[in-house]
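Here the structure is laid out as structure tokens; the discussion comes afterwards.
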Ligand code: PSU
Ligand code: MN
């Protein structure tokens with residue numbers, strides 16, 4: 001194992017940079033190669049185009065990386081043995097010098113070490129359907145109440161129980177901010193019947209709320225929900241039929257724990273003949289763009 005004290009000292013302080021972090025579980029467990037690598041690089045580019053700086057986060061051979069190089073992203077994108085690292089897996093991954101891709105929760109924790117405030121991803125984990133039986137709640141949700149990193153996503157993944165996910169975030173004191181929308185976007189679908197209490201017209205309004213929460217020391221992250229671009233939005237019932245099928249297959253195959261989300265995403269690519277993958281890429285890049293705008297505004301406010 002590497003010297004962890006030294007590793008921590010080497011983590012940069014990015015508080016005076018317009019930084020946006022990106023996760024890597026979606027790279028290794030959320031999409032097939034080579035679409036995953038193309039998507040990751042397109043996200044970095046989208047962040048740059050908005051005047052912000054991208055930092056893709058992961059753990060390589062036990063070393064925390066804040067800002068993977070293009071080559072490292074390519075390599076991780078091909079790596080089929082990288083472990084999925086959520087908060088609980090961080091010590092295991094580092095202590096055993098393993099290579100791991102970080103989930104939303106894992107990435108938020110590491111980003112906070114580098115004082116990165118803004119994060120872009122596709123969808124966050126949440127309360128799973130059938131929660132009453134399985135008690136499956138992603139630790140992404142508890143991370144928001146512990147770590148002041150704000151995440152731009154396209155809504156909780158459609159495979160989840162949306163109303164319960166929203167209730168859980170409310171209990172944890174996490175603001176869910178609709179970006180140019182007053183309705184909860186549902187990942188593959190632009191809108192839904194669920195009303196949001198908080199919305200913002202532009203990136204500046206989001207940045208102001210994040211700044212207030214920082215100065216007050218509220219110590220939570222906000223969730224910014226940004227609807228998938230119109231052209232890629234999929235019909236809710238059409239998608240839901242396929243999700244139901246994937247859930248049945250999952251039950252039959254006895255999939256539980258951290259394998260649940262990757263299994264469902266993989267089955268959906270086949271069940272939608274690749275449509276879900278195209279939409280997934282489009283929404284992530286769109287989120288990276290909005291995250292870039294917010295980071296840029298937040299940086300200006302702080303100055
Ligand atoms: N969004 C996607 N694809 C993904 C994920 C999110 O479009 O693969 C990943 C994220 O890294 C998220 C994780 O944090 O799935 C949630 O996994 P779990 O439900 O096991 O906590
Ligand atoms: Mn889970």
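Here is a yes/no grid of residues against (1) under 16 Å from the mean Cα position of the chain (by Cα); (2) surrounded by fewer than 23 Cβ atoms within 10 Å (Cβ to Cβ); (3) within 16 Å of ligand 2 (Cβ to nearest atom); (4) part of a loop (DSSP other than H, G, I, E, B):
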{"position": "14", "(1), (2), (3), (4)": "no, yes, no, yes"}
{"position": "20", "(1), (2), (3), (4)": "yes, no, no, no"}
{"position": "28", "(1), (2), (3), (4)": "yes, no, no, no"}
{"position": "33", "(1), (2), (3), (4)": "no, yes, no, yes"}
{"position": "45", "(1), (2), (3), (4)": "no, yes, no, no"}
{"position": "51", "(1), (2), (3), (4)": "no, yes, no, yes"}
{"position": "59", "(1), (2), (3), (4)": "no, no, no, no"}
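Taking the stretch 106-194 as the region of interest, the helices (runs of 4 or more DSSP H) fully inside it that hold 1 or more residues being more than 16 Å from ligand 2 (Cβ to nearest atom) and without any contact (Cβ under 8 Å) to a residue 24 or more places away in the chain are 162-171. None of 81, 25 is within 15 Å of ligand 1 (Cβ to nearest atom) and closer than 24 Å to residue 262 by Cα except 25. Apart from one condition, residue 174 fits all of (1) over 16 Å from the mean Cα position of the chain (by Cα); (2) away from ligand 1 (no atom under 14 Å from the Cβ); (3) surrounded by 18 or more Cβ atoms within 10 Å (Cβ to Cβ); the exception is (1). When you look at residue 239, is it in contact with a strand residue (DSSP E or B) (Cβ under 8 Å, 6 or more places away or on another chain), surrounded by 15 or more Cβ atoms within 10 Å (Cβ to Cβ) and more than 25 Å from residue 110 (Cβ to Cβ), yes or no? Against the criterion (in contact with a strand residue (DSSP E or B) (Cβ under 8 Å, 6 or more places away or on another chain), surrounded by 15 or more Cβ atoms within 10 Å (Cβ to Cβ) and more than 25 Å from residue 110 (Cβ to Cβ)), residue 239 qualifies. Pick from the stretch 127-154 the residues that are within 11 Å of ligand 1 (Cβ to nearest atom) and surrounded by fewer than 24 Cβ atoms within 10 Å (Cβ to Cβ): which of them is farthest from the chain's Cα centre (by Cα)? Ranking the qualifying residues of the stretch 127-154, first place goes to 136. Exactly one residue out of 41, 68, 76 is modelled with pLDDT of 95 or more, part of a loop (DSSP other than H, G, I, E, B) and in contact with a helix residue (DSSP H, G or I) (Cβ under 8 Å, 6 or more places away or on another chain): that is 68.
With the condition kept exactly as written, say whether any residue in the stretch 84-95 is surrounded by fewer than 23 Cβ atoms within 10 Å (Cβ to Cβ) and more than 23 Å from residue 5 (Cα to Cα). Yes, that holds for at least one residue. Could you pull out the residue among 111, 105 that is modelled with pLDDT of 95 or more, touching a helix residue (DSSP H, G or I) at 6+ places or on another chain (Cβ under 6 Å), closer than 25 Å to residue 147 by Cα and surrounded by 21 or more Cβ atoms within 10 Å (Cβ to Cβ)? That would be 105, the only listed residue that is modelled with pLDDT of 95 or more, touching a helix residue (DSSP H, G or I) at 6+ places or on another chain (Cβ under 6 Å), closer than 25 Å to residue 147 by Cα and surrounded by 21 or more Cβ atoms within 10 Å (Cβ to Cβ). Among the residues making up the stretch 259-303, those that are out of contact with any helix residue (DSSP H, G or I) (no Cβ under 8 Å at 6 or more places or on another chain) and over 30 Å from residue 213 (Cβ atoms) are 259, 266, 270, 273, 274, 275. Among the candidates 290, 260, 212, the residue that is under 17 Å from the mean Cα position of the chain (by Cα) and either within 16 Å of ligand 2 (Cβ to nearest atom) or surrounded by fewer than 19 Cβ atoms within 10 Å (Cβ to Cβ) (or both) is uniquely 260. Each residue in the stretch 199-209 was checked for being surrounded by 15 or more Cβ atoms within 10 Å (Cβ to Cβ) and either in contact with a strand residue (DSSP E or B) (Cβ under 6 Å, 6 or more places away or on another chain) or assigned to a loop (DSSP other than H, G, I, E, B) (or both), and 3 of them qualify.
Would you say residue 218 is in a loop (DSSP other than H, G, I, E, B), in contact (Cβ under 8 Å) with a residue 60 or more places away in the chain and more than 16 Å from ligand 1 (Cβ to nearest atom)? For residue 218, the condition - in a loop (DSSP other than H, G, I, E, B), in contact (Cβ under 8 Å) with a residue 60 or more places away in the chain and more than 16 Å from ligand 1 (Cβ to nearest atom) - is met.
The values are calculated or read from the model by the stated rules, or taken from the named source; none is laboratory data. No experiment lies behind these values; they were computed from the predicted model shown. Because the Cβ atoms are built from the backbone with ideal geometry, glycine has one as well, and the counts that use them run over all protein chains shown.
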